[in-house]
Amino acid sequence: MKRGRGRVRAFLAVALALTGTLAAGPEDSVSGTPQSAATAAQANAPSQPSAVAPSPQPAAPEPAVTASSLASRLKARFSYDPLTGYGLFERGGDRLVFALGLPWALLDWDKALQIDPPSEGSSGLAFTATSADALQKAFPEAPSPSSGHFSVAAILIDPGHGGKDPGAIGEHVVGGKKIRVVEKEVTLAVSKKLYESLKAKYPDKRILVTRDDDSYPTLEDRVEMANSVELAPNEAIIYVSIHANSSFNKSAKGFEIWYLNPEYRRTLVDSKAPGGPGHDIAPILNAMLEEEFTTESIILARDVMTGLQAKVGADSPNRGVRAEEWFVVRNARMPSILIETGFVTNPDEGKLLTQDDYLSRLADGVYNGLVDFVAYFESMRGASSQ
């Protein structure tokens, strides 16, 4: 995550400088780099005659304004993610994004503002008084007409394989009885149970599945279904792919959750799209979305891991959260995870994966993790209580 955070800050520094929208500020006479607001004020102060110049006095530290206090002044919701080091103030459709230690903020995705870098102290995240005043002046006084609460509006469940593609198959003799475990059957059974639970919990959300029978949507079909869901500016979708594992090592067992490798580069913002951002601002938006999706995918994966641990951890080892570049997670333009529910090739776990009660517990574990993530996401983004 440290490398990811550095990448975002590098994109912010370069892309924002290229936009040409930075507030004009004095430059350091030696380095040519912008000075902070406080330093600029000192640089513009009238000079004193050398004969009567007073002894240098240490500059008094500028008063700090906590982020929560600034949020009250802006009448905006405040959220901050320590994993990425960036946060935002949001009121209606207006968003002011900033990053810890970075001397710029981005207003409504297209206007860059030079500020003193926000910092963390004993009182939490804070801004200098000069920066707080500048941000308050720049933030729109009236809520945008597109105001609304950020929410997870859709959840897409993707039962892996299906139809002509059975996925992994395990064949065992347990207690003198032959059993056959087929991945496509396990994933569909878990997904159907998960679908019903989510529909009951969230009647106002769109709960979608890539298949509800023994059909075979291609990998491209699955991610296209997710990426083509129409969302309002204040709505989000998450993608959950359900699978079962296999190994030549018959003793391998346990569940695991995968998310996209943070180092994998993908295009999330198209600078050439009609009405989209220009080529100057697109890199920063793309980098921020990549970081945002990675952070949310990790949180989603951890929530699901906790849910599964509580429901099946006594029977199936927790193999943890891992990063990989699976097709569906690298092509889904949203927070996404791939869940391996267990090994069909392990005799003990294979037997469990044929039992309806165990499949229900798997679905309940995933469900609890998703519910926890939705609550986290909507509280961080200021959604109204459900």
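Thr345 fulfils the conditions (1) of a type in the set (Ser, Thr, Tyr); (2) buried (at least 20 other Cβ atoms within 10 Å of the Cβ); (3) within 22 Å of Ile238 (Cα to Cα); (4) modelled with pLDDT of 95 or more except for a single criterion, (3). Within segment 115-138, the only residue that satisfies the criterion of being modelled with pLDDT under 85 and not hydroxyl-bearing (Ser, Thr, Tyr) is Gly121.
Only one of the numbered conditions (1) crowded, with 23+ Cβ neighbours inside 10 Å; (2) in contact with a Lys or Arg (Cβ under 9 Å, 6 or more places away or on another chain); (3) closer than 30 Å to Gly87 by Cα; (4) modelled with pLDDT of 95 or more is not met by Ala332, and that is (4).
Results for (1) over 20 Å from Phe377 (Cβ atoms); (2) modelled with pLDDT of 90 or more, shown as yes or no for each residue.
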| position | (1), (2) |
| --- | --- |
| Leu106 | yes, no |
| Phe150 | no, no |
| Ala154 | no, yes |
| Gly167 | yes, yes |
| Ile179 | yes, yes |
| Arg206 | no, yes |
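In segment 294-309, the condition of being in contact with a Leu (Cβ under 9 Å, 6 or more places away or on another chain), modelled with pLDDT under 85 and closer than 30 Å to Lys111 by Cβ is met by at least one residue. Listed by first and then second residue, the pairs linking a residue in segment 323-348 that is in the same structural domain as Thr306 (by TED's automatic domain parsing) to a residue that is assigned to a helix (DSSP H, G or I) and aromatic (Phe, Trp, Tyr), with Cβ atoms under 6 Å apart and 6 or more places separating them unless they lie on different chains, are Pro335/Phe293. Selection of segment 68-89 for residues being outside any strand (DSSP E or B) and hydrophobic (A, V, I, L, M, F, W, C) yields Leu70, Ala71, Leu74, Ala76, Leu83. Restricted to segment 177-235, and to residues that are assigned to a strand (DSSP E or B) and basic (Lys, Arg), which residue is nearest to Ser247 (Cα to Cα)? Residue satisfying both the conditions and the ranking: Arg180. Quick one: in segment 72-128, of everything that is under 17 Å from Asn234 (Cβ atoms) and among the charged types (D, E, K, R), which residue is surrounded by the most Cβ atoms within 10 Å (Cβ to Cβ)? Ranking the candidates gives Glu90 first.
The values are calculated or read from the model by the stated rules, or taken from the named source; none is laboratory data. In this text the structure is predicted, and so the values were computed from the model without any measurement. All Cβ positions, glycine included, derive from the backbone under ideal geometry; neighbour counts span all protein chains shown.
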